[in-house]
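Step one of this worksheet: look at the structure below.
The values are calculated or read from the model by the stated rules, or taken from the named source; none is laboratory data. Just so it is clear, the structure is predicted and the values come from calculations on it, not from any experiment. Here the Cβ positions follow ideal geometry from the backbone for every residue, glycine too, while neighbour counts run over all protein chains shown. Note: areas computed on protein heavy atoms with side chains; ligands, DNA, RNA excluded. Shrake-Rupley method; radii C 1.70, N 1.55, O 1.52, S 1.80 Å.
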Amino acid sequence: MNSFELNKIAGAVLAGALAVVVVNAVADIAVSPSFPEETAYAIDTGEADATASTATAAVEEGPSLGVLLASADVSKGEKVFKKCGACHTVDEGGANKIGPNLYGVLNRAKGAVDGFSYSSALMEKGGDWSYESLDAFLEKPKDYIKGTKMSFNGLKKPTDRADLIGYLRTLGKGDVPLPAAN
């Protein structure tokens, strides 16, 4: 087979592909589908009523923060902190790294470590680092404080967060009472 015949075959394949593209474009112009605003026929999926689904949602949430903190394992929290240790220190009077020193963070005002440049979003959030705010922040920092400079994705497991908060509680703020275990 010579190169002229190969050119004819390649040209035929390209022409066919071009024809498909053109026909598709013309069809999109000629027919513009419209969809109804609501379903014409509702299909019964057999889902339980709303009260049953709310009860299961409450069960899926798991134990409260107070229960988790009451059973928190400080040694596991210290291991979880190794993820944080790349950016934070926990030594009393320790230096700031990429993130501020976390010694005594519990019930400390947000953005209160001297010599650390916090994001404006964190400064605007205000308040103190309570058990609940630490838990929400550690779950997903960028959701809790939109615009935070902290690039950590968060801790998904509630037990890991509780263990970490339990560990941080031992660093200068062990006298802060735990939330009620509901």
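Adding -39500 (n - 2.57) for every DSSP H run of four residues or longer, then dividing by how many residues the chain holds, sets the calculated 222 nm ellipticity at -14000 deg cm²/dmol.
Ligands, DNA and RNA left out, the accessible area of the range 109-182 computed with a 1.4 Å probe is 51% carbon and sulfur.
With respect to the chain, whose longest principal axis is taken over its alpha-carbon atoms, helix 50-61 is tilted by about 60°. With Rg and Dmax of the Cα atoms in Å in mind, check (i) 28.8, 89; (ii) 14.8, 42; (iii) 18.2, 70 and report the label derived from this structure. Of the listed options (i) 28.8, 89; (ii) 14.8, 42; (iii) 18.2, 70, (i) comes from this structure.
Pairs with C-alpha atoms separated by more than 22 Å, drawn from the list 82/146; 76/157; 79/140; 83/142; 97/157; 97/142, are 82/146; 97/157.
Dividing the mean sequence gap of close Cα pairs (under 8 Å, 6+ apart) by how many residues the chain holds gives a relative contact order of 25 percent.
Among the trypsin sites (Lys or Arg not before Pro) in the range 100-152, those placed in a DSSP loop whose Cβ has at most 12 other Cβ atoms within 10 Å are 146. Taking the C-alpha atoms only, the angle from helix 3-30 to the longest principal axis of the chain is near 70 degrees.
Accessible surface for residue 97 stands near 100 Å², nearest 10, in the context of the full protein assembly shown (1.4 Å probe). For the chain, the solvent-accessible area of protein heavy atoms averages 68 Å² per residue (probe radius 1.4 Å; ligands and nucleic acids excluded). With r as the distance between the Cβ atoms of residue 178 and residue 42 and R0 = 45 Å, compute the FRET efficiency 1/(1 + (r/R0)^6) and round to 0.05. Efficiency, rounded to the nearest 0.05: 0.40.
Nothing charged except the Cβ atoms of Lys and Arg (+1) and of Asp and Glu (-1): what's the magnitude of the dipole of the chain about its Cα centre? Round to the nearest 20 debye.
980 debye
For the chain, the longest piece that avoids every one of the GluC sites (Glu not before Pro) found in DSSP loops with at most 12 other C-beta atoms within 10 Å covers 93-182.
For residue 107, neighbours were defined as the other residues whose beta-carbon sits under 9 Å from its Cβ, and their charges (Lys and Arg +1, Asp and Glu -1) total +1.
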